[in-house]
Structures are given as C-alpha cells and as structure tokens.
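**Student:** Supplied in structure tokens, the structure appears directly below.
The values are calculated or read from the model by the stated rules, or taken from the named source; none is laboratory data. Only a predicted model underlies this, so the values are computations on that prediction, with no experimental measurement involved. Cβ atoms come from the backbone with ideal geometry, glycine included; neighbour counts cover every protein chain shown. Heads up: the accessible areas ignore ligands, DNA and RNA and are worked out on the full protein's heavy atoms, side chains in. Shrake-Rupley method; radii C 1.70, N 1.55, O 1.52, S 1.80 Å.
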Amino acid sequence: MARFLSAAPSYHLDLGRCFGGLVYPITFHPTEAAALYERASTMPSETDLRSVILTGDRTTGPLHLGHYVGSLRNRVALQYQHKQYLLLADTQALTDNAHDPEKVRRNVMEVTLHYLGVGIDPTISTICVQSALPALAELTMLYLNFVTVARLERNPTIKDEIQARGFGRDIPAGFLCYPVGQAADITGFKATIVPVGEDQAPLIEQTNEIVRRLNRQTSKSVLPEARALIPAIGRLPGVDGKAKMSKSQGNAILLSASDEEIKEAVNQMYTDPDHLRISDPGRVEGNVVFTYLDAFDEDREAIAELKAHYRRGGLGDMVLKRRLISVLQTLLAPIRERRLTLAQDRDYLMDVLQTGARIGREITEATKEEVMDALGTFRLDLRS
C-alpha cells in the first residue's frame, strides 16, 4: 500500500482559513504527516482519498500536547484529503464520569475551542456532539445483540482500562460496553478509516467483528469495515517521564498553557539522571527532553547534532530545555490566541455545533434506517 501523502507536492498547504468571519493563517505541510505513520499497511492509499474518517475525543477535560502530537495535528492535514467527522464523545465520557456530568458538559465547549484553535476548519471537518445524535444510541442497543459479555471482557483495551481505573468487578455496564458504542459511532458515519493509538486498535477489530456478524445475519453488505490508522509517534510521555501524559496526573502541558507555564513544565522535565556534569556523556534514549524535541522541533539536522554532542559530553541539560521552551512557546502561542479569540464568540461556537449536529443526525439516522431495514425490524410510520 502506498505511503500516505508521500512525494506529493500538490498536497502542501499554506492557507488562511476563515472561522466565523475571523481569518487566521495556518501553515501546515501534510506531506510531513507521512513520517508520523508507522506501517504502510495502516496508511491510506491513493484510492482512499476522500474516504470517510471518524475520530474524536471524550469531553472530560482540556486537551494537551499528547493529544496534539498523537492526533490533532494529523487531523488538520487529513481534513483536506478526506471527509472527516470529529465526535465530541460526551455520552461515552459518562461511562466513567456519571458522578460528575457537569464536568462532561463543560468540556464539550472546551474541546471544541481546542479543535478550532489548532486549525480544524468546521466548513471542511464536521464537528458533532455525540449526545445530539440519538441514532448512535439506538445502533448501540442493536449491536449489543451481536457481541457477548465474554468477548467484551477479553478486549485488551478494556482489560487495561478497567485495571487502570481500579474497577475490579464493579465495572459500570456502560464502560464495559463502550466498544459497542464506538462501533455505533464508526458505522453510524460509515467511516472506513479511524485514526487511533496502537492501544486502541482492538476496538477497531471489535467494530469489524460486529460489522461482519451483522452483514452475515442480513446477507447484505449493510456496513463497511474500518481500518485503524496508527501514528508512528505513540503516547507522549508526561513531563515527569511517566508513560502517559495526563492532566489528572499533573504531568501535562495543556494547549492553552501560557509561556510561563510552558517554561515551568519543561524545567521540571527528566533528562538523564547520570548526566551530573556538563562534561559527562549523556543518554538520549528515555530522555524526556529529547523525546519532545523529536516530536516538535522541525530542524532534524540540528537535533541530530545535539544528540551526538550530548552522547559524547559537553552539552548541558539547560541548553536543551531552553531550546524546547522556545519551540513549544512558538507552537502554542497562536493556538492559544485563536482559542481566546474564539471563546469570546459563543454564538459562533454554538452555530458550529448546531450545524454539525444537523449534518451528523441526517447521516446517522440514515444508517440506522438501513440497519433496521436489513434486520427486518417492525416499523411504524409516525409521520402521518
């Protein structure tokens, strides 16, 4: 399969996108996205152009650099070559936040602002609030008949997340079944490409199992299967060196972070604990500062030289941290400014979400009708 967006100069973009009458310059080169994807088998081919992509985020808190490097910057590139739907998964967020629905509600707008701030264009990518699409809940209920509890419990992603949350056997039923809800999300939009982290790939396979079983049951190709699009850069570690950046763990740099907050976070980053003196040779592997420079610094030659210098000794950690501070401040300043500007226009934000809900509802309702027709469910015409 061809490498995604490889050797295609026509894909280079340097555009000014218009958001609600406010024009913000966006410079983004989608060909760079090819380097972010790990395996050719997971990359869209030329025949996938204008395929349907579904992706999104749970509305449980503001987004951070881990979200940006893992998905957001790729979405900006993908939206110009594919039909992309972004789901604000507030219903799914309740599966482990039912005790705090206000947090979920509040962060619908927060995540929307981050989407627009990084360069998602709502006239190209459709932003939908999950709870505004009732067909997804109906599809979830239908699909629950095509999967067993045992299969859900064997899902590696679910097993890991249950352990991480310490549920034991007190697992909320909604949480155990959320892969079925994700299957409804994906198939509701008839998405064929789903960008996910490698740890989420089992959820795509679970979706395809449901699709295959339903298609066999109806003897029709009602729903398409989807392919996972897995980025080469996995989870960005937290500033404390832990495997996952998380706001709840206090080791994240938010997309809304101020210059001072960025500086403070970088200065706390772990480097090489054995690099006690500037003259000491240092380790690059596992060095959080170098991990971030690899993810965000576009000057690859300079980074390679810094790594060589660090390994042989004579390069201080603060030199690296000052460079990273500058890189991140330059990256986040325009995102932060766009977000602050857009936050002042609530009417525009509501219009984006209402428009997305109308589009999303039309698509998902049509899919639900197709599924119900194929299953031969009893129907009443309530229009008269």
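**Student:** Over the chain, calculate the relative contact order: mean separation of alpha carbon pairs under 8 Å at least 6 apart, over the residue count, as a percent.
**Tutor:** For the chain, the relative contact order is 19 percent.
**Student:** Roughly how many Å is it from the Cα centre of region 90-133 to that of region 151-165, as a whole number?
**Tutor:** 24
**Student:** Give the long-range amide H neighbours of Arg58: residues separated by 5 or more places, or on another chain, with amide H under 5 Å away, using H modelled in the peptide plane at 1.01 Å from N.
**Tutor:** Ala89
**Student:** All other residues with a Cβ under 13 Å from the Cβ of Gly188 taken together, and with Lys, Arg as +1 and Asp, Glu as -1, what is their net charge?
**Tutor:** -3
**Student:** Against the longest principal axis of the chain, how steep is helix 134-143, in degrees 0 to 90 to the nearest 10, with axes from Cα atoms?
**Tutor:** Tilt of helix 134-143: around 80 degrees.
**Student:** Given a Förster distance of 45 angstrom, what is the FRET efficiency for Arg379 paired with Glu298, based on the Cβ-Cβ distance and rounded to 0.05?
**Tutor:** 0.20
**Student:** Ok, one more. Given R₀ = 41 Å, FRET efficiency for His99-Arg283 by Cβ-Cβ distance, to 0.05?
**Tutor:** Working from the Cβ atoms, E equals 0.45.
**Student:** Please tell me which of these pairs span more than 21 angstrom C-alpha to C-alpha: Lys83/Lys247; Lys190/Lys220; Lys242/Lys263; Lys220/Lys368?
**Tutor:** From the list (Lys83/Lys247; Lys190/Lys220; Lys242/Lys263; Lys220/Lys368), the Cα-Cα distance tops 21 Å for Lys83/Lys247.
**Student:** If r is the Cβ-Cβ distance from Thr218 to Val149 and R0 is 25 Å, what FRET efficiency results, to the nearest 0.05?
**Tutor:** 0.60
**Student:** Next question. Can you tell which of Ala302, Ala137, Ala77 shows the greatest fluctuation in a Gaussian network model of the chain with Cα springs below 10 Å?
**Tutor:** Ala302
**Student:** Keeping all protein chains in the complex and leaving out DNA, RNA and ligands, what accessible area do you get for Lys307 with a 1.4 Å probe, in Å² to the nearest 10?
**Tutor:** In the full protein context, Lys307 sits at about 40 Å².
**Student:** To continue, here is another question. Could you tally the net charge around Val211, taking each other residue with its Cβ under 15 Å from the Cβ of Val211, Lys/Arg +1 and Asp/Glu -1?
**Tutor:** +3
**Student:** Take the Cα gyration tensor of the chain, multiply each eigenvalue by 5, square-root it, and list the three semi-axes largest first, rounded to whole angstrom.
**Tutor:** For the chain, the semi-axes come out at 38, 23, 21 Å.
**Student:** While we're looking at this one, here's another question. Give the carbon-plus-sulfur fraction of the accessible surface of region 153-288 in %, rounded to a whole number; probe 1.4 Å, heavy atoms of protein chains only.
**Tutor:** Carbon with sulfur: 49 percent of the solvent-accessible area.
**Student:** Right, another one. Rolling a 1.4 Å sphere over the protein heavy atoms, what is the accessible area per residue of region 64-187, to the nearest Å²?
**Tutor:** For region 64-187, the per-residue accessible area is 36 Å².
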